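Shown next, in structure tokens, is the structure this report addresses.
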Amino acid sequence: MKEQREGFRSFMAAALEEARAAAARGEVPVGAVIVRDGAIVARAGNRTRELVDPTAHAEMLAIREVCRLAGSERLAGHDLYVTLEPCPMCAAAISAARIDRLYYGAADQKSGGVAVGARVFSHPQCHHVPEVYDGIGGAEAEAMLKAFFAARRGTDGDA
């Protein structure tokens, strides 16, 4: 992944807020924000259970909202911050939307689609590859996910 740019300002704190709100709703705690010109344009947390929709991942919901606001399916000039490495579905949507930069927190060893697993952006069929920056807020995002799943299993997380 790439090194952060000079003058970089992270919006991961807002994505982490969305992840905490998702957890409070009983959703897997993943949050996303999309930024353009230094301002948040859309923010979302997972809502797969609430909406009874397996595609209602934080990234997908944020992308849909920005496309609606922009009146375009192309989001050049936009950056996406998400607390967890996008799955293959979300990575494909990020590419299709032409997001400029992807910043993510925790790696997803089970379902990742960027650095592990499918590695969507490295496929020849991938028409657009965003700049990717990983590990931003990763420790906090990972701790939140571990606590969420430990509570659902009724364990202390060491299992």
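The values are calculated or read from the model by the stated rules, or taken from the named source; none is laboratory data. Keep in mind it's a predicted model, so treat the numbers as computed, not measured. Neighbour counts run over all protein chains shown; Cβ positions are idealised from the backbone, glycine included. When the accessible area is computed, the model is the full protein with side chains, heavy atoms only, and any ligands, DNA or RNA have been set aside. Shrake-Rupley method; radii C 1.70, N 1.55, O 1.52, S 1.80 Å.
Quick notes
- Filtered residues of segment 100-121 (kept if in contact with a helix residue (DSSP H, G or I) (Cβ under 7 Å, 6 or more places away or on another chain), of a type outside the set (A, V, I, L, M, F, W, C) and closer than 23 Å to ALA14 by Cβ): TYR103, GLY105, GLY113
- Every pair of residues 6+ apart whose Cβ atoms lie under 7 Å, when the first sits in segment 59-74 and is free of Cβ contacts under 8 Å to residues at least 12 places away in the same chain while the second is open to solvent by 30 Å² or more (accessible area, probe 1.4 Å) and assigned to a helix (DSSP H, G or I): none
- Residues (assigned to a loop (DSSP other than H, G, I, E, B) and not acidic (Asp, Glu)) located in segment 94-115: ARG98, ILE99, ALA107, GLN109, LYS110, SER111, GLY112, GLY113, VAL114, ALA115
- The residues listed here are ALA118, ALA91; of these, the one that is touching a residue at least 12 places away in the same chain (Cβ under 8 Å), aliphatic (A, V, I, L, M) and in a helix (DSSP H, G or I) is ALA91.
- Of the residues making up segment 40-72, just one is in a strand (DSSP E or B) and surrounded by fewer than 17 Cβ atoms within 10 Å (Cβ to Cβ), namely ILE40.
- One residue stands out in segment 40-97 among those that are of a type in the set (Ser, Thr, Tyr) and out of contact with any helix residue (DSSP H, G or I) (no Cβ under 6 Å at 6 or more places or on another chain): the one that is nearest to GLU18 (Cα to Cα), namely THR48.
- Among the residues of segment 84-125, those identified as among the small types (Gly, Ala, Ser), open to solvent by 10 Å² or more (accessible area, probe 1.4 Å) and touching a strand residue (DSSP E or B) at 6+ places or on another chain (Cβ under 8 Å) are ALA107, ALA115.
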